[in-house]
Amino acid sequence: MEQFFELYGIPETFHPELAAVKAKYYELSRLYHPDRYAQAGNTKMLEVLTLAAQNNKAWKTLSNPDATMAYVLRLNGMMEEDEKYALPADFLMEMMDLNEAVTDYEDRPEDTAAKETVVQALKTLFEEWHQAAETLTRRFDGGEKNKDLLLQIKDMYFRKKYLLRIQERIDKFAAR
């Protein structure tokens, strides 16, 4: 697995300092720019292109909190690419209620109260998610790097993905 934290010379964290990530990205972008190696042989050019691609991937991952969360989980062997994860039943029941409220809104788009109910419920769920995820990831960043904590963070990652799908459904309907 690609080692983005090592590439950027920063500690493994769920909250990489964006300024440091950005500075390292630009530094490596200049260093590995293909134009600098136009006269180099094919082997060197391939090496530079590989490093430039890795730098771009590192930037894309470490500058996005959700991508960083998934990356740290994969790095620690807690998640596979395109993993299907079974969320807890109580969460799924809560999401079923929310999805029913979204359907009610879709059935009656003129009902602004229905829309506001859904939007407020989702906003509250995102706020609760953020607080819980922040607490867990800060514990990891503080040195508590154990499997149980990473499993809790993994659960939070998949909960957010579910919430984002509901948000996307609402946004698509509202855009019509």
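Read the figures in this text as sums done on the coordinates, not as results from a lab. Everything quoted here is computed from the prediction, not taken from an experiment. Ideal geometry is used to build each Cβ from the backbone, glycine not excepted, and the neighbour counts take in all protein chains shown.
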Requested in this report: May I ask you to derive the relative contact order of the chain, considering only C-alpha pairs under 8 Å and at least 6 residues apart, and to give it as an integer percent?
Outcome: 23 percent
Query raised in the report: Amide H to amide H under 5 Å from residue 13: which residues, 5+ apart in sequence or cross-chain, H placed 1.01 Å off N in plane?
Result: none
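Got the relative contact order for region 22-64 handy, in percent, Cα pairs under 8 Å and 6 or more residues apart?
Working: 23 pairs, mean separation 20.3, N = 43.
Dividing the mean separation by the residue count of region 22-64 yields 47 percent.
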Report task. Can you tell me which of 83-91, 27-35 comes out highest on packing, and rank the rest after it, using the mean Cβ neighbours within 10 Å? Result -> 27-35, 83-91
Query raised in the report: How much mean residue ellipticity at 222 nm does the chain get from its helices, if each DSSP H run of length 4 or more adds -39500 (n - 2.57) and you divide by all residues, to the nearest 500 deg cm²/dmol?
Result: -25000 deg cm²/dmol
Report task. Compare 112, 135, 68 in a GNM of the chain, Cα atoms joined below 10 Å, and give the one with the largest fluctuation. Result -> 112
Report task. With springs only between Cα atoms under 10 Å apart, run a GNM on the chain and tell me which of 106, 94, 128 wobbles the most. Result -> 94
Query raised in the report: Using the Karplus equation 6.51 cos²θ - 1.76 cosθ + 1.60 (θ = phi - 60°), what ³J(HN,Hα) coupling, rounded to whole Hz, does each residue of region 116-129 give in order, writing x for Gly and Pro?
Result: 4, 4, 5, 4, 5, 4, 5, 4, 4, 5, 5, 5, 5, 4
Report summary line: In order over region 165-176: 3J(HN,Hα) from phi, Karplus 6.51/-1.76/1.60, θ = phi - 60°, whole Hz, x for each Gly or Pro, gives 5, 5, 4, 5, 4, 5, 4, 4, 5, 5, 6, 5
**Report entry** For region 145-170 versus region 10-80, the gap between their alpha-carbon centres in whole angstrom
**Finding:** 24 Å
Report summary line: Phi-derived 3J(HN,Hα) across region 65-75 with the Karplus relation (6.51, -1.76, 1.60, θ = phi - 60°), rounded Hz, x for Gly and Pro, is x, 5, 5, 5, 4, 4, 5, 5, 5, 5, 4
Query raised in the report: Normalised by the residues of region 90-176, what does the relative contact order come to in percent, with Cα pairs under 8 Å and at least six apart?
Result: 26 percent
Query raised in the report: Looking at (1) -0.63, -0.79, -1.11; (2) -0.70, -0.81, -1.14; (3) -0.53, -0.71, -1.18, which value of log10 I(q)/I(0) by the Debye sum over Cα atoms at q = 0.11, 0.13, 0.18 Å⁻¹ comes from a calculation on the structure shown?
Result: (1)
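Can you tell me the length gained on complete extension of the stretch residue 6 to residue 29, counting 0.36 nm per residue apart and subtracting the Cα distance?
Numbers: separation 23, 0.36 × 23 = 8.28 nm, distance 1.60 nm.
Residue separation times 0.36 nm, minus the Cα-Cα distance, leaves 6.7 nm.
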